[in-house]
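Scroll down for the structure; my scribbles are underneath it.
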Amino acid sequence: MPAALSSSPMLDPERARSRGGPRLIAVRRQEGALRHTAMHRHARGQLLGAYRGLLTVYAGDRQWVVPAQQAVWIPPDQPHGLRSHGPYAGYSAYLSPAACAGLPQAPRVLEASALLKAAVERAAGWPDADAGPAAATRRRIVELIRDEIRDLPQAGAALVLPRDPRLQRLALALSELPSDTRALDEWAAAIGMAPRTLARRYLAE
């Protein structure tokens, strides 16, 4: 029996789109389902990774295959999506736009340190408010996570996707199912492009 598929968001979309609120919102999830998140964007920057398993992450015109030893940084307002290869257990840290100042402005894959994972794990247990007796500790942990995002070595070469949205749909479909043997004419009809144009543009890109 195939594994169940989960597409529910890690964080309420309204909170992810919010430019205000806490500087950092961290979440974690352990589930026995495959995970698939369609392309989307939000105002907060996002650091994401898996505790176990393998992810394929799409951001802009790039695609990465990301093992548990790595994490992905997605800056604010950057279109992105992902799918897991096997049941998903992972984490995400969402930084407010203000907290993203000085962080990389393009998506990248990082070597995820034990320190980074521990800081996100700690933050995932926080209540929403930034105030209170632990506020100073929280500020230090937020700065630690920011430092790690900024300073950790990059890892993982990206596969460059076509710029044309129709060709990008084709490339992502083939990436998800390499055994698909549809002929050129069938792919052209599926994405709304003339076969000769598809052949020429795909090679060009």
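Looking only at the stretch 159-200, how many residues end up being among the basic types (Lys, Arg) and closer than 22 Å to Ala59 by Cβ? The total comes to 3. Just so you know, in the stretch 103-140 the residues that are outside any helix (DSSP H, G or I), open to solvent by less than 40 Å² (accessible area, probe 1.4 Å) and among the hydrophobic types (A, V, I, L, M, F, W, C) include one that is modelled with the lowest pLDDT, and it is Ala124. Checked against (1) small (Gly, Ala, Ser); (2) open to solvent by less than 10 Å² (accessible area, probe 1.4 Å); (3) more than 14 Å from the chain's Cα centre (by Cα); (4) more than 20 Å from Pro22 (Cβ to Cβ), Gly86 meets all criteria but (2). Consider the stretch 7-40 and keep the residues that are among the small types (Gly, Ala, Ser), in a loop (DSSP other than H, G, I, E, B) and closer than 26 Å to Glu176 by Cα. The one that is farthest from the chain's Cα centre (by Cα) is Gly32. Identify all residues within the stretch 158-205 that are in a helix (DSSP H, G or I) and of a type in the set (Gly, Ala, Ser); write none if there are none. Across the stretch 158-205, the qualifying residues are Ala171, Ala173, Ser175, Ala188, Ala189, Ala190, Ala199, Ala204. Checking Tyr58, Tyr51 one by one, the residue that is of a type in the set (Ser, Thr, Tyr), out of contact with any Cys (no Cβ under 9 Å at 6 or more places or on another chain) and under 15 Å from Ala157 (Cα atoms) is Tyr58 and no other.
The values are calculated or read from the model by the stated rules, or taken from the named source; none is laboratory data. Note that this is a predicted model, so its numbers are computed, not measured. Don't worry about glycine lacking a Cβ; one is built from the backbone with ideal geometry, like all the others, and counts go over all protein chains shown. Protein only, heavy atoms only, side chains kept; ligands, DNA and RNA dropped before computing areas. Shrake-Rupley method; radii C 1.70, N 1.55, O 1.52, S 1.80 Å.
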